[in-house]
Amino acid sequence: MKNICLAIGFSLLCFCSCKEPKDGNICEQNPCLIVHDNGLEFDPGTELIDGVCSCPEDKFSAYGTCRALKEKEWYGISVGCPCEDTLFLWLSEENVDGVENRVRFTVNSDIFDPGNLDVEYGFTKARLSGGGRYSYFPSLEGDSIAPVSLLSYLVKCEVPGSGPEFDEVTLYGRFSPDMDTLFGKFIYRDGLDRLIVLDSCDVVFVR
């Protein structure tokens with residue numbers, strides 16, 4: 001799953017392009033640097049492999065970016081779910097609000113290219129850049145997590161047939177004892193009435 005990329009706006013497997021320096025025609029050290037028409041630069045984290053900018057085997061990719069996982073971060077793809085998304089799930093804060101065993105999960109941190117002004121890419125960025133507060137339950141059999149409240153959704157999703165509003169995705173899950181895998185369940189709630197459950201889906205996160 002490491003090199004599955006749901007590219008929005010452009011693919012990670014793009015031919016390398018170099019920014020031309022002011023004093024000559026020799027490419028800069030990073031041949032995979034993206035230079036937008038607006039002058040903004042973005043390093044997608046890809047490497048030149050056989051003449052193509054690709055994501056190496058030891059990294060994970062999504063939405064035009066390739067990088068290693070942060071500490072306490074997991075990677076998953078919601079295959080077969082109402083919204084099939086690629087997600088970097090990062091336990092970014094512990095003891096949130098001064099409450100023991102309350103954590104914050106941040107989704108898709110440092111993933112999206114700020115210089116990509118494509119409308120569809122921006123729409124995806126807004127929908128999938130999120131996170132929320134979760135209760136954390138330690139256990140020898142595997143720690144588990146659950147949202148603090150119905151407001152603690154991770155990302156949004158337009159569930160087919162539910163209307164034009166953004167529906168909200170909350171996560172319940174249990175970690176393997178070694179913490180390398182999170183067996184999660186996404187609950188899709190109506191964007192206007194969170195008490196209405198529209199769908200659910202199993203998602204596995206790995207690191």
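Taking the Cβ-Cβ separation of residue 93 and residue 180 as r and a Förster radius of 30 Å, what is the calculated FRET efficiency to the nearest 0.05? Walk me through the intermediate numbers first.
Values: r = 21 Å, r/R0 = 0.70.
After rounding to 0.05, the efficiency reads 0.90.
Expressed as an acute angle from 0 to 90° and rounded to the nearest 10, what is the orientation of the C-alpha long axis of helix 119-128 relative to the principal long axis of the chain?
40 degrees
Assign one of three labels to the range 39-161, namely rounded, prolate or oblate, based on the Cα gyration tensor with a ≥ b ≥ c the square roots of its eigenvalues; rounded applies when a/c is under 1.5, prolate when it is not and a/b is larger than b/c, and oblate otherwise. Write out the running numbers ahead of the final one.
Working: a/c = 1.99, a/b = 1.55, b/c = 1.28.
The shape class here is prolate.
Per DSSP helix of 4 or more residues, -39500 (n - 2.57); summed, then divided by the residues of the chain. What does that give at 222 nm, rounded to the nearest 500? Mind showing how you got there, number by number?
Values: 1 runs with 10 residues, N = 207.
One gets -1500 deg cm²/dmol as the mean residue ellipticity at 222 nm.
How would you classify the chain from its alpha-carbon gyration tensor, with a ≥ b ≥ c the square roots of the eigenvalues: rounded for a/c under 1.5, else prolate if a/b is greater than b/c, otherwise oblate? If you can, show how the numbers build up before the last one.
Details: a/c = 2.27, a/b = 1.69, b/c = 1.35.
Note, shape of the chain comes out prolate.
Connecting C-alpha atoms closer than 10 Å in a GNM of the chain, tell me which of 54, 135, 149 has the biggest fluctuation.
Residue with maximal mean-square fluctuation among 54, 135, 149: 149.
Treating cross-link reach as a plain straight distance, find the aspartates and glutamates whose alpha-carbon is under 12 Å from the alpha-carbon of residue 185, omitting any fewer than eight places away in the same chain.
199, 202
So if each residue of separation counts as 0.36 nm, and I subtract the Cα-Cα distance between residue 194 and residue 40, what length gain in nm does that give? Walk me through the intermediate numbers first.
Numbers: separation 154, 0.36 × 154 = 55.44 nm, distance 3.93 nm.
Answer, rounded to one decimal: 51.5 nm.
Using a Gaussian network model of the chain whose springs link C-alpha atoms within less than 10 Å, name the residue from 171, 91, 151 with the highest mean-square fluctuation.
Maximum fluctuation in the GNM of the chain, among the listed residues, is at 151.
Between residue 149 and residue 165, with labels modelled 7 Å along Cα→Cβ, what's the label distance in nm to one decimal, could you check?
Here the modelled spin labels are 1.7 nm apart.
Taking amide H atoms as placed 1.01 Å from N in the peptide plane, list the residues 5 or more away in sequence, or in a different chain, whose amide H sits under 5 Å from that of residue 155.
Counting only residues 5 or more places away or on other chains, the set is 169.
Every number in this text was worked out from the coordinates using simple rules, so none of it is lab data. Everything quoted here is computed from the prediction, not taken from an experiment. Note: ideal-geometry Cβ built from the backbone for every residue, glycine included; neighbour counts use all protein chains shown.
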